[in-house]
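Here the structure comes first, spelled out in structure tokens, and everything after it is commentary.
Nothing in this text is a laboratory measurement; each read-out follows from the coordinates by a stated rule. What you are looking at is a predicted structure, and each value in this text was computed from that prediction instead of being measured. As a convention, Cβ positions derive from the backbone with ideal geometry for all residues, glycine included, and neighbour counts pool all protein chains shown.
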Amino acid sequence: MTTTTPPDLRDPAQLLAALPYLIGFRPEKSVVLLGHCHPGNRLGLVLRGDLPRREHRARQAQALAPRFAAAGHIGITVVIIGGRRRPEKPPPHTAFVGDLTRALGEFGLPVLHALWAPAIRAGAPWVCYQVEECAGALPDPRATVLAAAATESGTVAFDSREELEALLAPRSPEALARRADRLSRMTLPPWPEQTRVDNAAATVRAAFERHRRNEGPPTDEEAVLLASALKLPEIRDLCLAMAVPPATASAREAEDVWLTAVREIPPPERAEPAALLGFSAYLRGDGTFAGMALDNALEAAPGHVLASLLRRVLDTGTPPEVIRGLAAAAAGPLVGFGLEPADFEADQAA
């Protein structure tokens with residue numbers, strides 16, 4: 001993810017306590033790399049990985065470092081979460097920090113800070129790898145500036161990666177099986193060719209209206225029609241435009257609709273809403289959830305072009321603002337179907 005860094009996050013304890021809100025969940029047994037960009041008040045790419053076994057440390061360092069070579073990073077903060085520090089001994093995983101420092105150095109990226117904590121919780125000890133006197137106890141993660149900003153925007157920090165991944169799990173495997181059977185027997189979209197795009201746009205509009213009325217899960221018919229609508233390139237491209245401006249009420253509403261669709265539509269059609277969900281999450285700076293959504297799309301349809309492209313963009317650490325043009329370009333040629341982001345904003349204001 002990328003985000004503007006509040007001044008408080010320049011303090012090591014505040015930065016550590018804010019990690020659940022930077023990556024979407026409370027990390028455990030993890031290595032977290034935070035890229036710093038010019039000007040110095042902006043975080044660039046933030047990556048989390050599991051702590052590797054001893055024999056895999058150098059390989060993981062070599063795999064992580066190249067992802068920070070692009071996007072104007074000027075240095076990296078390395079954070080290690082997990083392990084127990086023995087009295088009078090260096091923090092755990094010192095050798096791995098050395099591997100990361102050397103791997104990043106090959107790309108001209110200095111490690112500006114290296115931090116360790118056994119866990120991200122109030123009162124947990126933390127120390128610096130480079131400076132012995134740099135140490136303390138963590139504040140309550142819920143009391144950070146970033147936590148307050150996240151709460152105001154409706155963002156939730158989950159207690160584990162598994163809880164975050166569970167958001168994408170199917171609501172009803174039985175319903176998915178019924179819908180997969182119906183979709184497999186469809187050879188053409190379920191609308192006349194001359195009104196196909198209009199009918200598909202109305203189907204997406206209906207999904208948004210159900211969401212606003214909080215009607216609950218779609219029926220089989222509604223889910224099948226929505227899956228059919230999102231397969232049309234014209235509709236899918238217009239739906240990309242709903243992610244702009246990122247993190248607005250209309251963009252978050254669209255993201256909620258795509259998340260519901262991911263849980264209610266079977267593969268391979270599920271790849272369409274999952275790619276839209278990944279795009280929206282990436283634009284608002286949530287690289288962790290974007291990656292999960294894109295992996296979900298590629299699991300549903302391994303050759304999905306949009307999801308594959310976005311996954312490569314995410315893997316190279318490209319800043320979200322670089323790909324916002326995809327949404328603007330998609331919105332250009334299609335107007336008048338009742339799906340424009342401005343129209344959704346107007347509905348909410350009414």
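Per the chain: cysteines with no other Cys C-beta under 4.7 angstrom?
For the chain, the answer is Cys37, Cys239, because their Cβ atoms have no other cysteine Cβ under 4.7 Å.
Let me know the charge dipole size of the range 227-270 about its Cα centre in debye, to the nearest 20, where only the beta-carbon of Lys, Arg (+1) and Asp, Glu (-1) is charged.
Computed about the Cα centre, the dipole is about 100 debye.
Along each of its three principal axes, how wide is the spread of alpha-carbon positions in the chain, in whole angstrom units, largest first?
Per principal axis, max minus min of the Cα coordinates gives 74, 42, 35 Å.
Along the charge dipole of the chain, pointing to its positive end and built from +1/-1 on Cβ of Lys, Arg, Asp and Glu, which listed residue (Leu309, Ile265, Leu43) has its Cα farthest out?
Result: Leu43, furthest along the dipole toward the positive end.
With N denoting the number of residues in the range 21-60, provide Rg(C-alpha) divided by 2.2 N^0.38 Å, to two decimal places.
1.40
Which shape class applies to the range 167-349: rounded if a/c is under 1.5, otherwise prolate when a/b exceeds b/c and oblate if not, where a ≥ b ≥ c are the square roots of the Cα gyration tensor eigenvalues?
Rounded, since a/c falls under 1.5.
Would you please put 23-32, 133-142 in order of how densely packed they are, using the mean number of other Cβ atoms within 10 angstrom per residue and starting with the highest?
23-32, 133-142
Taking the Cα centre of the chain as origin, work out the dipole magnitude from +1 charges on Lys and Arg Cβ and -1 charges on Asp and Glu Cβ, in debye rounded to 20.
For this selection, approximately 1140 debye.
Sum -39500 (n - 2.57) across every DSSP H segment of at least 4 residues in the chain, then divide by the residue count to get the 222 nm mean residue ellipticity, nearest 500.
It lands at -14500 deg cm²/dmol.
As a test, work out the antiparallel percent of DSSP beta bridges whose residues both lie in the chain, rounded to the nearest 5.
75 percent
Residue by residue, what Karplus-based ³J(HN,Hα) values in Hz, rounded to whole numbers, does the range 170-184 have, using 6.51, -1.76 and 1.60 with θ = phi - 60° and x for Gly and Pro?
Rounded to whole hertz, the list is x, 6, 9, x, 5, 5, 4, 5, 5, 5, 4, 5, 5, 5, 5.
Report, in degrees rounded to the nearest 10, the 0 to 90 angle that the Cα long axis of helix 305-315 makes with the longest principal axis of the chain.
Once rounded, one gets 10 degrees.
Counting other beta carbons within 10 Å of each Cβ, put Tyr282, Tyr129, Tyr21 in order, fewest first.
In increasing order of surrounding Cβ atoms, one gets Tyr129, Tyr21, Tyr282.
Could you pull out every residue, at least 5 positions away or on a different chain, whose amide H is within less than 5 Å of the one on Ala114? Hs are placed 1.01 Å off N in the peptide plane, and Pro or chain starts have none.
Amide H neighbours of Ala114, under 5 Å, 5+ apart: Val78, Tyr129, Gln130.
For helix 220-230, report the angle its Cα long axis makes with the longest principal axis of the Cα atoms of the chain; keep it between 0 and 90° and round to the nearest 10°.
80 degrees
In whole angstrom, how long is each semi-axis of the equivalent ellipsoid of the range 183-244, when you take the square root of 5 times every eigenvalue of its Cα gyration tensor and sort them from largest down?
On the way: eigenvalues 71, 52, 20 Å².
So the three semi-axes of the range 183-244 are 19, 16, 10 Å.
Counting Lys and Arg as +1 and Asp and Glu as -1, each charge on the Cβ, what is the dipole of the range 92-231 about the Cα centre in debye, to the nearest 20?
Dipole magnitude for the range 92-231 comes out near 540 debye.
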